[in-house]
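What follows is a set of notes on a single structure, which appears directly below.
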Amino acid sequence: MAPGEKIKAKIKKNLPVRGPQAPTIKDLMHWYCMNTNTHGCRRIVVSRGRLRRLLWILCTLTAVALIIWQCALLVFSFYTVSVSIKVHFQKLDFPAVTICNINPYKYSAVRDLLADLDQETRGALKTLYGFSEVKSRKRRGAESENPAWGGIRPKFLNVIPLLVFNEKEKGKARDFFTGRKRKVSGNIIHKASNVMHIHESKKTVGFQLCPSNDTTNCATYTFSSGVNAIQEWYKLHYMNIMAQVPLEKKINMSYSAEELLVTCFFDGMSCNPRNFTLFHHPMYGNCYTFNNRENETTLSTSMGGSEYGLQVILYIDEEEYNPFLVSSTGAKVLIHQQNEYPFIEDVGTEIETAMSTSIGMHLTESFKLSEPYSQCTEDGHDVPVENIYNAAYSLQICLYSCFQTKMVEKCGCAQYSQPLPPNANYCNYQQNPNWMYCYYKLYQAFVQEELDCQSVCRETCRFKEWTLTTSLAQWPSEVSEKWLLRVLTWDQGQQINKKLNKTDLAKLLIFYKDLNQRSIMESPANSIEVLLSNFGGQLGLWMSCSVVCVIEIIEVFFIDFFSIIARRQWQKAKEWWARNQGPPCPEAPPGQLGQDHPALHVDEDLPTFTSALQLPPAPGVQVPGTPPPRYNTLHLARAFSSQLADTQVLDEP
Amino acid sequence: MQVRKYLLKGLHRLQKGPGYTYKELLVWYCNNTNTHGPKRIICEGPKKKTMWFLITLLFASLVCWQWGVFIKTYLSWDVSVSLSLGFKTMDFPAVTVCNASPFQYSKAKPLLKDLDALMKAVLERILAPEPSRANATGALNFTIWNQAPLVLINEQDPRHPVVQDLFDLFGSNHNGSAGGSPVPGRTCTAPGCKLAMRLCTLNGTVCTFRNFTSATRAVTEWYGLQATNIFAQVPRQELVQMGYPGEHMILACMFGTEPCSYRNFTRIFYPDYGNCYVFNWGMTEKALPSANPGAEFAGARLVLHEQRTYPFIKEEGIYAMAGTETSIGVLVDKLQRMGEPYSPCTMNGSDVAIRNLYRDYNTTYSIQACLHSCFQDHMIRSCSCGHYTYPLPPGERYCNNQDFPDWAYCYFDLRMSVVQRETCINMCKESCNDTQYKMTISMADWPSEASEDWIFHVLSQERDQSTNITLSRTGIVKLNIYFQEFNYRTIEESAANNIVWLLSNLGGQFGFWMGGSVLCLIEFGEIIIDFVWITIIKLVAFSKGLRQKRAQAPYTGPPPTVAELVEAHTNFGFQPDANLSPHAEAHPEEQTPPIPGTPPPNYDSLRLQPLDTVQSDSEGDAA
């Protein structure tokens, strides 16, 4: 015999597979209740009287139900998080600081591109509000002398005409240029007026955007103030013009780092414009980012306080400002992470000229748990929106990418203020005559969450946030102004050939107020150990049960129970078969019963005391003629030959 | 004798434990323990026996593992954080107000006369390439200049930068290479030339150049260094005299509806900002000497801080602009930590290795105080004099050019040293209770044009008792400090895992896998003791046997089967075989061969299992 077979035979011999010991289900139940470790069950059997038994049955069932309910609660609340806030004092990484002049391009450089547009704007202002630039600044004197139309048909007002709405004539608008009245279909969108009711003046200004060849389905935008209307109108055309200018040319038109940053000082050391990286923003022109990990090192501060932060003096050349595009003066600053895209138009802090702005920072870091605890995403790879920005994923990037992709899909061209997706061009009149209408429509849908962008995009799991405390002081002070301006002029050297003015400068201090970093962390509220021990607590509390009991229950109720039933059925079937076959051997059924009885397979497995007690006397055993009283039950248990032999062997000496 | 008897008695009593052999003991334990697994091992058939044995073993190891996890979690001293937000009556913070300019210039002028003249000359040098040399240099005091001269580095030729003292025409040729060159710096402007400060050690052997990309910065830094040098030699009382007096700085004050005046403010001398005034500090007046003028800002600087803490206005202060009304909404942000072993923090700074120099001002420990003290400590160790911005330890002196000519070199060296900062950060611990004030700042022009006239009139009269208007819009600031709607936010730590948590989880695990409890553990311990006893008895018997040279076994039958042992211990009346007992003489009747079929009645068994016997009898009858 092969050794494998031998082992198999040995196992078969030593560990024979047998059915349950109890002959009937009732016996099994009784045996279980008497021997199980769970409380309650035994009471059912032991109790006398129907009422008491019923009560115990009810109690046991209630306890079981409670256990199931409580454990279900534990399982359902497994994926909850606990939030902890920690404050450490440590050396902190200095954030990236992006600084932009509010005015994107030097007016002297872009004037040629915008000459026609500016002239038409001035003309519109004169016609609508009677504004003329007679006493305006000298630098624009030459052009503003002839604001009259000079016979040529204006090209910008023709594409998107400015309209004047009169309150008296509902649904009618007058094209201010031609003076021709035109009917306006119902779709009038009042900018901002659907949010708040502004006192309607008699005259409102707006413009109408129509799909290319369908004038019936126009959207009209009106504004409560002419300032907004003119600026919005100007911006539309401005984007159109700038979209056609190549990037290198735009960078050259904007401010250089040497121009913008007069002095720079970080952590007690001088820095220079080379420490800043260029970042071209479509609406803000050249922006400069400090500490942008350009050479793989992030600067850090190990001291709090303004002495150890970033100190820069900015040159804000007010004379080069575009009069219609921006109406405020100063710079915009954004503090962000190194790999984050600076959304300067959304979240920048504006700083004033002739002022020292000191910005104290506090760092808060947040960590969230991703799936299955919350919906956040670690790096955006599982968000079905392509990241068109060259930066790490963030919710805002996702939203803008989503919008831009939709824009390219619906309008066939990309919006100017966001990066270009692959294989797309920026919108302009020449190629996409009706892109503005499309854009406004789409933007409306985007804001009203009809584009599904808001539901598709998910927030990031970890983010850093800098809480800013901004305070202002006048700078330079009157007494120091004189020498300071002179030295600063010397600093600028040949960059600008004029004396600096107080209103051309802004001082900015960015520093950590202290080096306390606050981290808000989510951690799983439950671990598998705690869950199990809670299970154990529940099981133990209600029934003094354990996993062993559960295995017992499975064994008794699912294995033994069914095997007993199956055995019954098998016996019945056999009996029926035997009866049908006639009575060849009438001894078979009792023999069968006896053979089937576990206690008879005693060759290896000795009966336990309890099982032995429940045995019917074996068929072949002689009951002594004068059975002793009760105590002979013990001898009954030994009534099997093998066991008797054992005993005798033991008794022999 | 007595003791021996007593011991013997005790031994006998203990011997009457659950069994006399290991096997018996184990069987007894398995049968009687309250943990769920072992009982199954002995009362089932061989296959199930194996199964149950494995299951019990598995569960026992699971329990041990899980207990390990829990104990490890407990010993990691995690904290849970509770955050509360709301409004309650709070102590108003102490408010420190300083003028951004430290001294009244008119009073400090005599001291700074030489320096100012030098500064003027320097500016002229930089800005105007061809000055009229003769009249500019006559009255200048070059002793100041020579300590830390400004030099012009001409980098137009990057390979041979030319270093030139700004005043090198006046004889003091520090640099050989620069001296011979024919004044190239005269025509040099920003991109080509850099200003730098030359710092040398005592005998001028080692020099470093502190480069600046901007002349503004260089000049400011240089002026600051020289001015502090001057002020360091002035006695403290004089400096206080030069600062702004309280009655001139605080013109009007209201706290709630109560009027207050400059007398409610405590004066504190702050090196960088001169006389500062602390409202609601509740401390005796203390002063800190030295100064660092940098009067670029007009306006006031203020900081909110906890009572009994030192105001670190340079780090935590904010500006209030002149000619405005600055409203500051305050939110008190409190942080309470647990301390060791939960989080590394210190309750009062006593366990930090750095001497807190600010303790002399009756203030509590804070990490800023620790960092400053640490810096001063390093300064004294490497430069042998203290920097005047920080307090002095006893027996030390402040740095100045006369006594410590190379201190500036040493100071800048130390300040740029990364090692020094790292050591200080590592040595200082956070304090366990920390209060921060979050401020929301808003500004408006003040006074309004309409009210301007009478406000200035009244304030002027009150201050100077003159009918002329002595104040202007650029000279006054109005401050409103108020609590926000929710004025406190407390972050409090508490132990995440306490001993109750640990015990309940240990119990849960043990109960879950094995249905055990502490009593089971005691049981187990008892068994172990029994085990030891049995071993002792066996050893004693063995040695006795050896001594008596009687090597025969106590009995020569096969060992009792498990079933017999089970029976032996479930049924107390059952005595399978007297030979198991080494004390055979205790049962003399067993010596006689038993009468088969009629054993002596054992009534215990009858009493013990009435139900079972009844049933078995009835079944026996049925069969």
A correct Karplus calculation of ³J(HN,Hα) over the range A:528-536, with 6.51 cos²θ - 1.76 cosθ + 1.60, θ = phi - 60°, whole Hz and x for Gly and Pro, returns 5, 5, 5, 4, 4, 5, 5, 4, x
Within 10 Å of each Cβ of A:297-310, how many other protein chain Cβ atoms are there on average? 3
Evaluated at 20 °C with a viscosity of 1.002 mPa s, what Stokes-Einstein diffusion coefficient in µm²/s does the range B:301-415 have when Rh comes from the Kirkwood expression over alpha-carbon pairs? 128 µm²/s
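Hey, what D do you get for the range A:85-126 in µm²/s if you plug the Kirkwood alpha-carbon radius into Stokes-Einstein at 20 °C and 1.002 mPa s? Intermediate results must be reported in sequence, preceding the final value.
Values: Rh = 14.9 Å.
Estimated via Stokes-Einstein, D reaches 143 µm²/s.
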What number, in percent, do you get for the relative contact order of the range A:335-462 if the mean sequence gap of Cα pairs under 8 Å and at least 6 apart is divided by its residue count? 30 percent
Just going by the charge dipole of the range B:1-101, with Lys and Arg at +1 and Asp and Glu at -1 on Cβ, which of B:Ala100, B:Gly37, B:Val27 is farthest out on the positive end? B:Val27
Determine the alpha carbon to alpha carbon distance for each of A:Lys10/B:Lys538; A:Lys86/B:Lys478; A:Lys507/B:Lys109 and list only those over 30 Å. A:Lys10/B:Lys538; A:Lys86/B:Lys478
Per its Cα gyration tensor (rounded if a/c is under 1.5, else prolate when a/b beats b/c, else oblate), the range A:346-393 is best filed as oblate
Check which residues have an amide H placed less than 5 Å from B:Ile481's amide H, if you skip close sequence neighbours. B:Ile328
Return one quarter of the surface area of the convex hull spanned by the alpha-carbon atoms of the range B:325-393, equal to its mean projected area, in nm². 7.3 nm²
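Which of the residue pairs A:Lys235/A:Lys502; A:Lys106/A:Lys498; A:Lys502/B:Lys194 have a Cα-Cα distance greater than 22 Å in the structure shown? Could you put the intermediate results ahead of the total?
Values: A:Lys235/A:Lys502 30 Å; A:Lys106/A:Lys498 16 Å; A:Lys502/B:Lys194 24 Å.
Pairs exceeding the cut-off: A:Lys235/A:Lys502; A:Lys502/B:Lys194.
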Using θ = phi - 60° and the Karplus curve 6.51 cos²θ - 1.76 cosθ + 1.60, what whole-Hz ³J(HN,Hα) does each residue of the range B:450-459 get, with Gly and Pro shown as x? 5, 8, 3, 4, 6, 5, 5, 4, 5, 5
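Would you mind giving the average projected area, over all directions, of the Cα convex hull of the range B:57-129 in nm² with one decimal?
Numbers: hull surface 65.3 nm².
It is 16.3 nm².
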Scoring the range B:378-473 by relative contact order with C-alpha pairs under 8 Å, at least six apart, yields a percentage of 14 percent
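Give the dimensionless ratio obtained when the Cα radius of gyration of the range B:434-492 is divided by 2.2 N^0.38 Å. Spell out each step's value before the answer.
Numbers: Rg = 17.5 Å, N = 59, 2.2 N^0.38 = 10.4 Å.
This ratio for the range B:434-492 stands at 1.69.
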Taking other Cβ within 10 Å of each residue's Cβ, how do A:Glu378, A:Glu449, A:Glu340 sort, fewest first? A:Glu449, A:Glu378, A:Glu340
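Would you mind ranking A:Glu318, A:Glu465 so that the residue whose beta carbon has the fewest other beta carbons within 10 Å leads the list?
Numbers: A:Glu318 13, A:Glu465 16.
Going from sparsest to densest Cβ surroundings: A:Glu318, A:Glu465.
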Once phi is turned into θ = phi - 60°, what whole-Hz ³J(HN,Hα) does the Karplus curve with 6.51, -1.76 and 1.60 give for every residue of the range A:226-232, x standing for Gly and Pro? x, 4, 5, 4, 5, 5, 5
Based on other C-beta atoms within 10 Å, arrange B:Trp28, B:Trp67, A:Trp576 from fewest to most. A:Trp576, B:Trp67, B:Trp28
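Using a simple charge model, +1 on the beta-carbon of Lys and Arg, -1 on the beta-carbon of Asp and Glu, nothing else, what dipole does the range B:413-524 show about its Cα centre, in debye to the nearest 20?
On the way: 8 positive and 14 negative charges, 50 e Å.
Value, rounded to 20: 240 debye.
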For the range A:369-443 and the range A:245-322, what is the separation of their C-alpha centers, rounded to whole Å? 27 Å
In whole Å, what are the Cα extents of the range A:304-412 along the three principal axes, biggest one first? 51, 44, 18
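Averaged over its residues, how many other protein chain Cβ atoms are within 10 Å of peptide A:473-482's Cβ atoms?
On the way: counts 14, 11, 7, 5, 9, 3, 5, 7, 1, 1.
Shielding by partners across A:473-482 averages 6.
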Going through the cross-link list A:Lys91/A:Lys368; A:Lys332/A:Lys482; A:Lys499/B:Lys113; A:Lys12/B:Lys47; A:Lys410/A:Lys441; A:Lys8/B:Lys23, which pairs have a Cα-Cα distance over 18 Å in this structure? A:Lys91/A:Lys368; A:Lys332/A:Lys482; A:Lys499/B:Lys113; A:Lys8/B:Lys23
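For the range B:508-550, count all C-alpha to C-alpha pairs, find those more than 15 Å apart, and express that count as a whole percent of the total. Before the final figure, lay out each step's value.
Working: 542 of 903 pairs.
Roughly 60 percent, rounded to a whole number.
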How much space per residue, in cubic angstrom, does the convex hull of the C-alpha atoms of the range A:356-470 take up? 150 Å³
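Here, each number is a calculation from the coordinates, and none is a lab measurement. Predicted model, so just to flag it, every value in this text is computed and none were measured. Note that each Cβ is placed from the backbone with ideal geometry, even for glycine, and that neighbours are counted across all protein chains shown.
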